[in-house]
Amino acid sequence: MNPLLPSRPLTPVQPPLPTGTAATPIAFVQAIVLACQRAGVSAEPLLQQAQITPQEGENPETRITAWQFERLSGLAMQALDDEALGWFSRRLPWGSYGLLARASISSPTLGVALQRWCRHHGLLTDDITLRLDSAGDTATLSIATHRDLGALHEFCLVSVLRNAHGLACWFIDSSIPLLAADFAFDAPQHADAYAVLFSAPTRFCTAQTALSFDARYLALPLRRDEAALQTMLRHALPLQVLQYRRDRLLVARVRQMLLSAPLSTHNAADMAARLNLSPRTLHRQLKDEGASLQNLKNTVRRELATDLLQRSQRPIKQVALAAGFQNEKSFIRAFKGWTGMTPGEWRGQ
């Protein structure tokens, strides 16, 4: 299933050579081969076009690149005329997921778009049910199965979640970092690959299969229109692996971390680790949002300091420590740079 695949087959072109990290388990390739066998379609030419050798296909330790998997998936969907790749009791003809995307593109927010996606998915098949829930700060996109999916069970659930997550990112033109990826089945032999597939803490044998993320993303407006959708559906773009440089909530998430623990050092390496990013990516994405870690630190410290000076009678030294400064002297110097006054002068005005 790939909503970013075109609504009709494209004229074949010479594919580029596969590049990138080989992280996709060969088990998913084997699932596609099984779907082809059940439909009486030869998978051999599809594997050749995706540059996957028979030896690779038989080795359970093999990993393939995102390009190879996207290529094979797209070819198999066209060959089978089934965007669900044999998962369900009925085919989902080519263009089915494009219809779902069109039904969601007019939504005012991501939350509404995902709710529509989940509801309309039930019109395509009743073998699974998608559901979006929000409790407190956490949103959860879950899947319930209503029939035995057999050997395609894992491949189906992983694919549906990855594609829904990828489409959500596309809708708002932003990365949506996952808080957790839960699966209601035993850890597979290739469980280590899930850290790459979902870039989030992964748990198996859980009560439900679901992805969790910050609920604030649900309130973000969609940044795509019908014209963008038409372009998307004309090209086989790699939705499942498309990386978004921008995180439209990153500034808010960093601010919240600074506010919740003002006494911590908050160096780039520590903060990036807590956000499941590299320090370089943290700096780059903040820059994309017109911010920097140091400026955010200064802003939060100033807000904390002015609030404490205005609402309490704490000594200047205590205000300095509570605002995240190591000593009173550095606090006074910074405060004077912000306001042109010392903290005492500002409080007494």
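Every number in this text was worked out from the coordinates using simple rules, so none of it is lab data. Model, not experiment: these values are computed from the prediction. When we count neighbours, we look across all protein chains shown, and the Cβ atoms used for this are built from the backbone with ideal geometry, even at glycine.
Structure above, values below:
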quantity: Lysines with Cα under 23 Å of Lys329, excluding same-chain neighbours fewer than 8 positions away; calculated: Lys297, Lys317
quantity: Euclidean distance between Cα centres, segment 114-181 to segment 270-349, Å; calculated: 40
quantity: Unit charges on C-beta of K, R, D, E only; dipole of segment 250-348, Debye; calculated: 100
quantity: Extreme residue, positive dipole direction of segment 25-129, given options Pro25, Met77, Gly95 (C-beta unit charges); calculated: Gly95
quantity: Residue-averaged [θ]222 nm for the chain, counting only DSSP H segments that reach four residues, each worth -39500 (n - 2.57); calculated: -14500 deg cm²/dmol
quantity: Relative contact order (percent, whole number), the chain, Cα cutoff 8 Å, 6+ residue spacing; calculated: 16
quantity: Sites Ala261 and Trp338, calculated FRET efficiency, Cβ-Cβ separation with R0 22 Å, nearest 0.05; calculated: 0.55
quantity: Whole-percent pair-distance distribution, where bins are 10 Å wide, for the alpha carbons of the chain; calculated: 5, 22, 28, 20, 11, 8, 5, 1, 0
quantity: Ordering of 151-160, 272-281 by packing [mean C-beta count within 10 Å, highest first]; calculated: 151-160, 272-281
quantity: Residues listed by number, segment 245-269, amide nitrogen under 11 Å from Asp137 label point at 7 Å toward C-beta; calculated: 253-261
quantity: Total charge dipole magnitude, the chain, about the Cα centre, Cβ charges on Lys, Arg, Asp, Glu only, Debye to nearest 20; calculated: 1740
quantity: Length added when fully stretched, Gln326-Ala39, from 0.36 nm per residue minus Cα-Cα; calculated: 96.5 nm
quantity: Dipole of segment 111-252, positive direction: furthest Cα of Thr231, His121, Val160, with charges on the beta-carbon; calculated: Thr231
quantity: Orientation-averaged projected area, Cα convex hull of segment 250-348 (nm²); calculated: 6.2
quantity: Debye intensity ratio I(q)/I(0), log10, segment 84-241, q values 0.17 Å⁻¹ (C-alpha model); calculated: -1.06
